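What follows is a set of notes on a single structure, which appears directly below.
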Amino acid sequence: MHTMQYDEKPVDVNSDKQFDYQQLQRQAQGVACPSCGTVNDAEAMFCASCGRPLRMAVCPHCGSEVDPEADYCEICHHYIKSDVCSFCGAHMSEGEVYCHECGNPRGGIVCPVCNTLNNFAFCKQCGNPLTEEAQALVAELRKLPDYQLLTEAARELEALELQIPYSSERDVVRDQMNDKLRERVLMLLAKDKGVPNPTIPRKETQRYSKEELRQRKEEQARLLTEILERMAIPAVPSPVKARNYAMAQKPAGVRLAWVCNWKHAMHSSPCGCAKPQLGGKWVILGKNSNQEIKDDNK
């Protein structure tokens with residue numbers, strides 16, 4: 001009977017220990033990603049695995065930690081990029097007082113409508129376009145079918161919000177009597193002007209019962225939400241361009257909030273978001289909403 005023999009290589013325990021030690025040493029010298037835990041080289045600024053920043057920057061105004069890709073401090077509400085024009089996104093040198101591309105001042109623009117000082121192309125208070133580029137962007141958006149639908153839907157929802165519903169049948173009868181009186185007065189005025197058989201246009205009723213009004217507002221809000229979903233801002237390279245585009249598409253007359261894709265926080269507008277370049281969308285708050293907006297705490 002033969003005994004089979006196997007060639008066994010001796011295990012180098014010291015080699016394994018040395019490998020583990022070198023790996024631990026690299027990990028100790030490297031930077032762990034706060035998002036996914038991957039250990040990166042000590043000099044790395046962004047994670048090799050998930051691409052997120054590894055180190056935080058410091059706000060030059062208040063000293064708070066800010067994301068290195070952010071151009072705005074959400075703590076002290078200041079624009080923090082000294083080398084990028086906040087109005088158009090062009091590169092600026094430290095000594096430039098006015099942007100060589102758009103000509104706007106580094107110190108900001110006072111809104112002629114509400115007198116708010118702004119560092120962005122649209123007023124953060126009333127939404128008024130403050131620069132020529134902003135005005136041109138609004139004019140361009142107005143040509144889009146979705147923007148036209150958005151404006152009309154917002155106007156109708158605003159009108160419904162101002163409606164006073166019928167509270168009783170007496171209100172219905174009173175409105176009917178007023179309509180008849182209106183028709184009679186217009187008929188007499190037309191005959192005084194020599195119109196023998198005047199045609200008086202009927203006045204479409206604008207009042208509803210409480211339940212009817214609630215349903216119509218909900219329907220209009222759903223329509224507006226669908227349009228806003230279609231017009232959601234995708235991720236783009238420039239935070240300034242993303243902020244300007246979002247502000248240009250904001251409809252007037254409806255209370256809205258901006259929900260960013262970065263932290264999914266609710267802002268009064270993208271002017272209060274540090275990284276609007278990651279995208280986001282407008283959402284309807286409604287007239288009596290008590291949802292908390294992040295920038296309202298400033």
Rounded tilt (10° steps) of 13-29 against the dominant C-alpha axis of the chain: 40
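Ignoring ligands, DNA and RNA, what accessible area per residue does region 94-220 give at 1.4 Å, in Å²?
Numbers: 9130 Å² over 127 residues.
The answer is 72 Å² per residue.
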Region 146-248: GluC sites (Glu not before Pro) falling in loop per DSSP and having at most 16 other Cβ within 10 Å: GLU204
Surface share of carbon and sulfur [accessible, 1.4 angstrom probe, percent] for the chain: 52
Calculated P(r) tail over 26 Å for the chain, as whole % of Cα pairs: 63
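Rounded to the nearest 500, what is the chain's calculated 222 nm mean residue ellipticity when only DSSP H runs of at least 4 contribute -39500 (n - 2.57) each, over all residues?
Working: 6 runs with 99 residues, N = 298.
Taking each H run of at least 4 residues, the total per residue is -11000 deg cm²/dmol.
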Dimensions (Å) - region 61-220, Cα atoms, principal axes, largest first: 76, 40, 30
Cleavage-rule hits (trypsin sites (Lys or Arg not before Pro)) in region 22-104: DSSP loop, at most 14 neighbouring Cβ within 10 angstrom: ARG55
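So how much slack lies between ASP171 and MET45, counting 0.36 nm per residue of separation and subtracting their Cα-Cα distance, in nm? Can you show the working numbers first?
Details: separation 126, 0.36 × 126 = 45.36 nm, distance 6.84 nm.
Here the answer is 38.5 nm.
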Label-point separation in nm, HIS264 to ILE164, each point 7 Å along Cα→Cβ: 4.3
Shape category assigned to region 95-159 from the gyration tensor of Cα positions, a/c cut at 1.5: oblate
Using alpha-carbon coordinates, inclination of helix 145-161 to the longest axis of the chain, degrees: 60
Of LYS191/LYS217; LYS210/LYS263; LYS210/LYS275; LYS124/LYS217, pairs whose Cα-Cα distance is over 31 Å: LYS191/LYS217; LYS210/LYS263; LYS210/LYS275
Test item: Cα-centred dipole of region 140-240, Lys/Arg +1 and Asp/Glu -1 on Cβ, debye: 540
Using θ = phi - 60° and Karplus 6.51 cos²θ - 1.76 cosθ + 1.60, couplings along region 65-71 (whole Hz; Gly, Pro as x): 6, 9, 4, x, 8, 7, 10
Cα long-axis angle, helix 132-141 against the chain (0 to 90 degrees, to the nearest 10): 70
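The values are calculated or read from the model by the stated rules, or taken from the named source; none is laboratory data. These figures come from a predicted structure and were not determined experimentally. Here Cβ is always computed from backbone atoms with ideal geometry, including for glycine, and neighbour counts include all displayed protein chains. Accessible surface is based on the protein model in full, side chains and every heavy atom, while ligands, DNA and RNA are left aside. Shrake-Rupley method; radii C 1.70, N 1.55, O 1.52, S 1.80 Å.
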